[in-house]
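Contents: one structure, followed by commentary.
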Amino acid sequence: MTLRNLVTFSFVIAGSSPLMAMQPLGDEFMAAVSGQSGITIEMTTQDPNGDFLTTGAIRFTENDKDGKGKDYLEIGSLKLRTIETDGAGNMIGVDTIRTDIDVDSGGNVSIRSSDINTLDLELGEISLSGRTLFGAMRFSVWEFVGNSYLETVLLNDVAGSKIAFRTVMEAGSGLTYQFDEDGLTFSSDVVFLPATGQSEFRSELFLTGDSDKLKLELGETSGSFEIKNISLLDPAGNNIFGANNFGDVGYSDITINTGYITIAANDTPGVDGLKGVINADLNIGSAFYRTGDQRLNMRNVQLRTNGEINYQTDFTDNGYSTGIDATIYGVSDLDLIIGALTLSSGDGSNESLSMGSYAIENLNLNGGSIEQQIYTLPGSGAQGMQMDLTIAGTTSFDLTIKDDPAVNNGDPDPVLTAEVVLNNVSVSQTIDQTSKGLHIGILNQSMDANINAIRVGDGLIQQGQSGRLVMNNLSLQPGSYFRIEPLQ
């Protein structure tokens, strides 16, 4: 996960809890409210612009590894607005938020914020140890349609402290997400859609803790989450590519068998930062990329770590730029499977036959690790990021591609299989927003790749031949670049 996605994900999680400081409420406190099963709190502001909460700089700091200073992540400011809007999203007044606090028969304390019209959350400049990553981030015009709400539940769990965060959005709810970089704004609209036959989108996240770590666990997710109208805007707010944009992406129908991440302080001597484990066994019913009224669908996407894998993160400073260093290790049997690839109309109707299924299975780092560094770009006033990826040691996985179904029912489908082995993987690139689109510059990219035991057939009679493909010193020339822009 890139820093940009990590920051975004962190604030989406934060946005799923009520907008107030929360403390567990015991039975004695609730019993003191005579004649009531709970209490209601209405919150508003007298600020004419709807400003409800503002802060100065927010900084997370840790000791530097080499003892030469401190590394930190800083958000220049935070502003939360509670407003009412018209149909065009323009402010027409200040909003009032209702928060209900109740205890159910199971002893669970519910804190639910509802009757919300629109929220705006704006973050100031985001920097690493004084170097700017990007200028600002906004979750704007978050509209809560109908009975949409955010809820925190303090669960009465025999295993100990456990908190649930729920986001429930009725059809039509959504927001605009934007961030600024080098005078340009990345903009997209987020839309929540209920599952078929339901009236609301629902998602859950659980937080538990013990003496030395926190655990974030994914819960129910029902409905679709779409990111639409992905665009680049000039300082005046105009799309620099006119009516064209980068399209839409989305997902729906997530089934989670296992999904959690733990967070703890790194206890390795002389090492700062965080460490933990990731365990995932989940299925995404549909993920898609859409342009106009056509879309490419990935059906039944499965991700399985087949047990816990390890990670650790730390702030870094090489003297020219600052960043975050992340390492993943302990991977021995990871699977990523796309059940079917299809084409359809923009709303998912008129779907084509499958263009095949694709699988990377039994991915094994063979005792090695994946190291990802994300740096700010060096130079005064520069924004954007540099990403370095190194896979130490040997990485191997099984590749499977299934095509058309068998001619006779019951026979195995045609399939291509191979064993892929990668060595000396090194990737270094810059990512920057420009007036010509998203610019990906190549600083270094090289690897050795062996594709072994290539087999094509129906499982009964092998067709073609078994063979091996060797590609040593596979590299891209430094100074090369990719530029991504909307289709003109």
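The values are calculated or read from the model by the stated rules, or taken from the named source; none is laboratory data. For clarity, every value in this text was computed on a predicted model and none was experimentally measured. Every residue, glycine as well, gets a Cβ built from its backbone with ideal geometry; the counts of neighbours run over all protein chains shown. Each accessible area value is taken on the protein alone, full model and side chains, heavy atoms only, with ligands, DNA and RNA left out. Shrake-Rupley method; radii C 1.70, N 1.55, O 1.52, S 1.80 Å.
Sorted largest first by accessible area at a 1.4 angstrom probe radius, with every protein chain in place, the residues LYS402, LYS215 fall in the order LYS402, LYS215.
Against the main long axis of the alpha-carbon atoms of the chain, helix 3-14 sits at an angle near 40°. A viscosity of 0.692 mPa s and a temperature of 37 °C, combined with the Kirkwood radius over C-alpha pairs in the Stokes-Einstein formula, give the chain a diffusion coefficient of 129 µm²/s.
Sorting GLU308, GLU371 on solvent-accessible area from highest to lowest, probe radius 1.4 Å, gives GLU308, GLU371. The alpha carbon gyration tensor of segment 217-256 gives principal lengths a ≥ b ≥ c with a/c of 1.5 or higher and a/b greater than b/c, which makes the shape prolate. Peptide packing: for 326-337, 172-183, the average count of neighbouring Cβ atoms within 10 Å per residue gives the ranking 172-183, 326-337, highest mean first. Helical runs (DSSP H, four residues minimum) scored at -39500 (n - 2.57) apiece and divided by the length of the chain put the mean residue ellipticity at 222 nm at -1000 deg cm²/dmol. Per residue, the chain exposes an accessible area of 51 Å² to a 1.4 Å probe, with every protein chain left in place.
In whole percent, and with a 1.4 Å probe on the protein chains, what portion of the accessible area of the chain is carbon and sulfur?
52 percent
Neighbours of ALA449, meaning other residues whose beta-carbon lies under 12 angstrom from its beta-carbon, give a summed charge of -1 when Lys and Arg score +1 and Asp and Glu score -1. Just check segment 155-248 against the gyration tensor rule for me: Cα atoms, a ≥ b ≥ c as the square roots of the eigenvalues, rounded for a/c under 1.5, and otherwise prolate or oblate depending on whether a/b exceeds b/c. Since a/c reaches 1.5 but b/c is at least a/b, the shape of segment 155-248 is classed as oblate.
Distance between the 7 Å Cα→Cβ label points at LEU216 and GLN477: 4.2 nm. Judged by the ratio a/c of the largest to the smallest principal axis of the C-alpha gyration tensor, segment 417-461 counts as oblate, that ratio being 1.5 or greater while a/b is no larger than b/c.
The dipole here belongs to segment 305-445: it is taken about the Cα centre, uses +1 on the Cβ of Lys and Arg and -1 on the Cβ of Asp and Glu, and is about 500 debye. Of the peptides 349-357, 443-451, the ranking by mean beta-carbon count within 10 Å, highest at the top, reads 443-451, 349-357.
Mean separation of Cα pairs under 8 Å and 6 or more residues apart, divided by the residue count, gives segment 253-360 a relative contact order of 23 percent.
Sort VAL249, VAL427 by accessible area with a 1.4 Å probe, largest first.
Greatest to least solvent exposure: VAL249, VAL427.
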